[in-house]
């Protein structure tokens, strides 16, 4: 379902430990065509607690889309991705890997773990905003997302 067919804002979970990238993502998504709500998890352990609605995240919204960095503290993005795709309740949530890693092994491994796409974070501010807006345009306007629970 896209934003229009959901009849509510798209729920996005950003799993990112870099405060600058979090700010840039928030700014880029604010100007998107589709209404969205962004939740942020600062590491892999928090991301999984959010997704499983554990502890302080008991009332967390189910994300329609996950933006996942690979290099995270406590539990890295590869492990988080593997856990998401192994969980029948979570595996249908599209996961966009958004990372600085250009390593071929990371690209192959994340696709082997069933990531929906792999995007390199540009270092340039304007390019970063452009990439996030492209994600917004494609995943929130064009793609039909599965319904929540």
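The values are calculated or read from the model by the stated rules, or taken from the named source; none is laboratory data. For clarity, every value in this text was computed on a predicted model and none was experimentally measured. Note that each Cβ is placed from the backbone with ideal geometry, even for glycine, and that neighbours are counted across all protein chains shown.
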- Note on the structure: All conditions in (1) modelled with pLDDT under 95; (2) in a helix (DSSP H, G or I); (3) farther than 20 Å from residue 135 by Cα are true of residue 83 except (1)
- Message: So, in segment 94-138, how many residues would count as being modelled with pLDDT under 85 and within 22 Å of residue 83 (Cβ to Cβ)?
- Response: 0
- State whether one or more residues within segment 66-78 are assigned to a helix (DSSP H, G or I) and without any contact (Cβ under 8 Å) to a residue 40 or more places away in the chain. yes
- Those residues of segment 88-108 which are under 22 Å from residue 53 (Cα atoms) and touching a residue at least 12 places away in the same chain (Cβ under 8 Å), in sequence order: 89, 90, 91, 92, 93, 94, 95, 96, 97
- Query: All but one of (1) touching a strand residue (DSSP E or B) at 6+ places or on another chain (Cβ under 8 Å); (2) under 20 Å from residue 20 (Cβ atoms); (3) without any contact (Cβ under 8 Å) to a residue 60 or more places away in the chain hold for residue 30; which doesn't?
  - Reply: (1)
- Item | Residues of segment 34-53 classified as modelled with pLDDT under 95 and either over 11 Å from residue 10 (Cα atoms) or in a strand (DSSP E or B) (or both), total | 3
- Query: Tally time: how many residues in segment 1-27 are modelled with pLDDT of 85 or more, surrounded by 15 or more Cβ atoms within 10 Å (Cβ to Cβ) and not in a loop (DSSP other than H, G, I, E, B)?
  - Reply: 10
